[in-house]
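To keep things clear, I will list the structure first and then write my remarks on it.
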Amino acid sequence: MNGQTEHRDDEIREDENDATAAAAGQENAGENQTDVTGDLDPVADLQAQVEENWNKFVRATAELENVRKRAARDVDNARKFAIERFGADLLDVRDSLEMGLSTVESADAEQLRIGSEATLKLLATTMERFGIQELDPQGEPFDPQFHEAMTMQPSADVEAGSVLTVFQKGYTLNGRLLRPARVVVAAEIAETDEN
């Protein structure tokens, strides 16, 4: 029996040695795999980065398109409703005109004049509130940027090149011309030779 025990011990030792050798072989093989996969890891990392960057690009493109659509919608709404407050304030002027017209039969000329002046004042106040300024250049030097000369007329009363008469007032919106003032410009009086 003693011999059998020794023989089994030898087999166990051989098995342990084989297992150790196998483990060592697997370890070496693992190192070789690490080397091989180590060479593949940078490629896998690059592929992961490419995929991540592609996803970022797609999201950024979608967000940009959403911003563009939102901006276009905002611009469209701004065009449609830019004069909303101005329009609401003009309703008061319209109401005043309608009230004046409804009292035409019962009112005398003086009352109609007073009502018309009040309505005109209400309109002027509304226009000023929204940056619309009146151009009434009577007696001022002619300015082609803001005035439209309808004709020229000689005058001894005002300096040549000045506005003699205003046919139609002009208007600006925050300094930008809406309509030029239509005017008559004073011309120099031609001297006649008396011989």
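With labels modelled as points extended 7 Å from the Cα through the Cβ direction, what inter-label distance (nm, one decimal) is found for Leu178 paired with Thr151?
It is 2.9 nm.
Pull out the extension gain between Asp136 and Ala60, defined as 0.36 nm times the separation in residues minus the alpha carbon to alpha carbon distance; nm, one decimal. Kindly include the intermediate steps, with their values, before the conclusion.
Details: separation 76, 0.36 × 76 = 27.36 nm, distance 5.46 nm.
Going from the current span to full extension adds 21.9 nm.
In straight Cα distance, which lysines are under 30 Å from Lys169, not counting same-chain residues fewer than 8 positions off?
Qualifying lysines at Cα under 30 Å: Lys80, Lys121.
Just name one of Ala109, Met99, Thr126: the one whose Cα is farthest towards the positive end of the charge dipole of region 55-135 (beta-carbon charges, Lys/Arg +1, Asp/Glu -1).
Going by the Cα projections, it comes out as Thr126.
Need the full-extension length gain, Ala82 to Ala187, defined as separation in residues times 0.36 nm minus the C-alpha distance. One decimal, nm. Write down the numbers at each step before the final one.
On the way: separation 105, 0.36 × 105 = 37.80 nm, distance 4.29 nm.
Additional length available on full extension: 33.5 nm.
Any read-out appearing in this document is the output of simple, stated calculations on the displayed coordinates, not a laboratory observation. Worth saying up front: this structure is predicted, and the values here are computed from it rather than measured. Backbone-built Cβ (ideal geometry, glycine too); neighbour counts: all protein chains shown.
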